[in-house]
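Here is the structure we will look at.
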Amino acid sequence: MASILDRVADKLQRKERLGREDALELFASSDLLGLGRLANQVRQERWGNRAHFVINRQINPTNVCVLSCKFCDFATKRGRPNAYEMSLEEVLARCDSGIREVHIVGGLHPDWPWSYYVEMLRAIKARHPQVQIKAFTAVEIEFFSKKFRLPIEEVLRQLKAAGLDALPGGGAEVFSERVRKALFPFKIGAPRWLEIHKAAHRLGIPTNSTLLYGHIETHEERVDHMLKLRELQDETGGLMSFIPLAYPVGGTHLDERQASAIEDLKSIAIGRLLLDNVPHIKAYWVTMGEEIASIALTFGADDLDGTIGEERIMHAADAATPISQTRERLIQLIRDARCVPVERDALYNVIEVYENGHRLS
Ligand code: V47
């Protein structure tokens, strides 16, 4: 009987889609390098050896949250010593004209009015018209819809009119009712997350997607999650990227140790092979670590995310990586993988190609 890698190689050659069993066998396979080679082949066909990054800034306007999810080290309650709430000026002070993307996600604040969120986007765009805004996960969009009694479409339409360019992929966690009940029972599940992303796509707002792995989920649940994303993408084509997020153990102790580098590379490679309709696979250096993220560029990933500026969610869970990165360091990590650095914006338009040490447009 041919090995799983031979069977997958055959399917790739015949342009046949991989199925659930293929992906499960790939997770079980010990041939990490063989898996990486297949995923890299698919990545090369699509992107050659280009690898993307963005000069961006993450802003988490508050960690005050009405939810208390078991896996989350970031959220807190008002009045606790670690609670913070940024004013509009504090948010604006974190944007500067050098960045191309601002990534805004935060806690579900119990009291902030709708006008604050709309004004935040409007003020950023007014002051920095060149900055694209990727803001608010599906969980926040659902919260706004319920709290401010607006249909999902209306929430998205008003945010878009204020300057929203894309939705980030967070809040998906793992599309499993078992995991949801155990870790985040009051957060939206798969059907609602998928519906909200579909609504965004219908309104011309592209989105990202994530998978939070390395806690209590099984390989079956990881694969089923990816297949639900593939189905969504078949229907709308609005997903720009897939980002497997390794769960930082932090203070929650859902697992004794963070997912291994082998699990990280397998999640990237299987993401690339299974999600044949999602253009970008992101190796998020914040959770994966810079060196593994650099290696992941030869295991199917074509994107490292960005400079970030100040990351609070994973660092609340004691992520060991730096809290920001320079353009030069990202270029170096990409070149270490023998790839060509391509600076992009939030929507993956090319800003600059850094070929052979020279800047080309
Ligand atoms: O949804 C990991 C995960 C996600 C924790 O779209 C944790 O480009 C709370 O989605 N406590 C947010 N959450 C980050 C995210 C993201 C990151 C980078 C790029 C993009 C993009 C999106 O972080 C949450 C959750 O799944 N998360 N650990 C934690 N300890």
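The values are calculated or read from the model by the stated rules, or taken from the named source; none is laboratory data. Quick caveat, the model's predicted, so the values are computed rather than measured. Backbone-built Cβ (ideal geometry, glycine too); neighbour counts: all protein chains shown. When the accessible area is computed, the model is the full protein with side chains, heavy atoms only, and any ligands, DNA or RNA have been set aside. Shrake-Rupley method; radii C 1.70, N 1.55, O 1.52, S 1.80 Å.
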Averaged per residue, what accessible surface does region 4-360 expose to a 1.4 Å probe, in Å²? 40 Å²
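Going by average Cβ density within 10 Å per residue, which order do the peptides 81-93, 57-69, 27-39 take, highest to lowest?
57-69, 27-39, 81-93
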As straight-line cross-link partners of K11, the qualifying lysines (C-alpha separation under 27 Å, not fewer than 8 residues apart within one chain) are K228, K266, K282
Arranged from highest to lowest average of other beta-carbon atoms within 10 Å per residue, in what order do the peptides 198-206, 262-270, 296-304 appear? 296-304, 262-270, 198-206
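If the only charges are +1 at each Lys and Arg Cβ and -1 at each Asp and Glu Cβ, what is the size of the charge dipole of region 214-311 around the Cα centre, to the nearest 20 debye?
Roughly 160 debye for region 214-311.
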Sort the following peptides by mean Cβ neighbour count (other Cβ atoms within 10 Å, averaged over residues), highest first: 318-330, 239-251. 239-251, 318-330
If the limit is 19 Å between Cα atoms, which of K77/K134; K134/K187; K160/K198 go over it? K77/K134; K134/K187
Rounded to the nearest Å, the spacing of the alpha-carbon centers of region 310-356 and region 209-257 is 21 Å
Relative contact order (percent) for the chain, with alpha-carbon contacts under 8 angstrom and 6 or more residues of separation? 22 percent
Where does the Debye-calculated log10 I(q)/I(0) of region 114-156 sit at q = 0.14, 0.18, 0.20 Å⁻¹, using only Cα point scatterers of equal weight, no solvent? -0.35, -0.55, -0.66
Please check: in the Gaussian network model of the chain (C-alpha springs, under 10 Å), which one of R230, R122, R80 has the largest mean-square fluctuation. R80
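Compute the Rg/Rh shape ratio of region 22-92: radius of gyration over Kirkwood radius, all on alpha-carbon atoms.
1.24
Please give the charge dipole size of region 4-360, origin at the Cα centre, charges +1 on K and R Cβ atoms and -1 on D and E Cβ atoms. Round to the nearest 20 debye. List each step's numbers first, then the result.
On the way: 47 positive and 50 negative charges, 147 e Å.
For region 4-360, the charge dipole is close to 700 debye.
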Roughly how far apart, in whole Å, are the Cα centres of region 161-198 and region 1-69? 21 Å
Isolated Cys residues of the chain, judged by Cβ distance under 4.7 Å to other cysteines: C65, C95, C339
Calculate the radius of gyration of the Cα atoms of the chain to one decimal place, then report Dmax, the largest Cα-Cα distance, as a whole number, both in Å. 19.6, 64
Whole-Hz ³J(HN,Hα) for each residue in region 76-83, computed from phi via Karplus 6.51 cos²θ - 1.76 cosθ + 1.60 with θ = phi - 60°, x for glycine and proline: what do you get? 8, 10, 4, x, 6, x, 8, 6
Of the heavy-atom accessible surface of region 196-297 (probe 1.4 angstrom), what whole percent is carbon and sulfur? 49 percent
Farthest positive-ward along the chain dipole, Cα basis, beta-carbon charges - from F74, L121, P151: P151
Among I141, S176, I216, which residue has its Cα furthest toward the positive end of the charge dipole of region 90-228, with +1 on Lys/Arg Cβ and -1 on Asp/Glu Cβ? I141
Would you kindly derive the ³J(HN,Hα) couplings of region 153-168 from the backbone phi angles with the Karplus curve 6.51 cos²θ - 1.76 cosθ + 1.60 (θ = phi - 60°), listing them in order in whole Hz, with x for Gly and Pro? 4, 5, 4, 5, 4, 5, 5, 5, 4, 7, x, 5, 9, 7, 9, x
